[in-house]
Amino acid sequence: MSDLDEDIVFSDLEGDEEAQQEGVEEDEKIQVCSLTPETISQSLSLLCRTGNGLGHAFIRLDLKDNGLHDIAAISNYIHIRFLDLSNNHLTDLSPLVSLTQLLWLKVDNNAVVSFEGQPFTQLPYLQWLSMAGNRLTDVVGLVGPALESLNLTGNGIQRMNGLQSGLYTNLVTLELRGNQLDTTDGISLPNLQHLYLAQNAIKHLKGLDRLEHLITLHLRDNQLETLEGLSSNMKCLRYLNVRGNAISDQKALDSLSHVSKTLKALVLSDNPLMEMTDYRLSVLILLPHLDRLDKDPVSHEERAEALERIKELKEEEIPGL
């Protein structure tokens, strides 16, 4: 290699190193970006009358995708009611403590590791909270007396200890998809109506007897081998999805009898159970009031056949029927 060639190579390498360094510096700038009043003023919208009725203020603030590491500047904007902080680098939400009028808060895809030390106990009107895609491992420290909807999808939550009814009397929708739960125990929320637990590692159904007003239970892609744990206290359950589990025989479905009078839609597809002969008929004998099984509505002919078979079984005095 000639001296000229070497100079060209070294020049290229130096250029690459400079470009890489610029990239690193640019990344560092993004990672340590702090919120400024200028950014806030450009992101405000929805002018409304203030809570005391004596003035007007912008109440919606959209700060998603700003590379934010620090939001201290937000503390002066006390009239904000709708706030989107998604896709930043936040770990500390304590500056929100002064935003006591917040109704709606989205903090998806940040780096929050715990609810402890966060400002939620000071947000008395917060009704909708989404913290999907953070680094939470539990819900200890979260208090939400006004919360109606809570989305914790895609964290690392292993246990639901701390989610007690007295702290969430208004919570009706809870999203826990894509966490690391191995049981349903700990969700003590009698007023809850919709519970989404897909893509966890749930092997056991526990504590469901406390969910007296639950309408929707979504357990797709877990590790259930049986539905033992369904309770007769679940008097409102209408939709149950256990697709993609490990349910392999009819006996594993016996607990469905506890919800047979209310359940209208059941999804069992992608379970080994589907390989059994007369799969749909066997399910409908347990659930004669079902309107939909998997993707297909229950036909009049199927229902009639199931009712006839139930009648025959009763006449034969089969135990349990």
Check: Taking every eigenvalue of the Cα gyration tensor of the stretch 228-274, multiplying by 5 and rooting it, what semi-axes result, largest first, whole Å?
Finding: 19, 12, 8
Next item on the list: Output the Kirkwood hydrodynamic radius of the chain, Cα pairs only, in Å rounded to one decimal.
Entry: 23.1
Note to self: Springs between alpha-carbon pairs under 10 angstrom, Gaussian network model over the chain: which of LEU47, LEU293, LEU96 fluctuates most?
What the structure shows: LEU47
Next item on the list: Please provide three numbers in whole Å: the alpha-carbon extents of the stretch 255-321 along the principal axes, with the largest listed first.
Entry: 33, 24, 23
Note to self: If you build the convex hull over the alpha carbons only and average its shadow over all orientations, what do you get for the stretch 33-135? Give it in nm² to one decimal.
What the structure shows: 5.9
Next item on the list: Within the stretch 272-302, report the trypsin sites (Lys or Arg not before Pro) that DSSP leaves as loop and that have at most 12 other Cβ atoms within 10 Å.
Entry: LYS295
Check: How large, in Å, is the stretch 71-200 by the Kirkwood hydrodynamic radius built from its alpha-carbon pairs?
Finding: 14.6
Notebook entry, point to check: Among LYS261/LYS314; LYS106/LYS235; LYS235/LYS311; LYS106/LYS203; LYS235/LYS264; LYS203/LYS314, which pairs are too far apart, with a Cα-Cα distance over 22 Å?
Noted result: LYS106/LYS235; LYS235/LYS311; LYS106/LYS203; LYS203/LYS314
Next item on the list: Treating the Cα atoms of the stretch 148-321 as identical point scatterers in vacuum, please give the log10 of the normalised Debye intensity I(q)/I(0) at q = 0.19 Å⁻¹, two decimals.
Entry: -1.24
Item checked: the chain: angle of helix 300-315 to the longest principal axis, Cα-based, in degrees nearest 10 -> 50
Item checked: Ratio Rg/Rh [Cα only; Rh per Kirkwood] for the stretch 80-135 -> 0.92
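Bear in mind these aren't lab numbers, they're just calculated from the coordinates by the rules spelled out. Being a predicted model, the structure only gives us computed values, none of them experimental. A quick note on method: Cβ atoms are made from the backbone with ideal geometry, for glycine too, and the neighbour counts reach across all protein chains shown.
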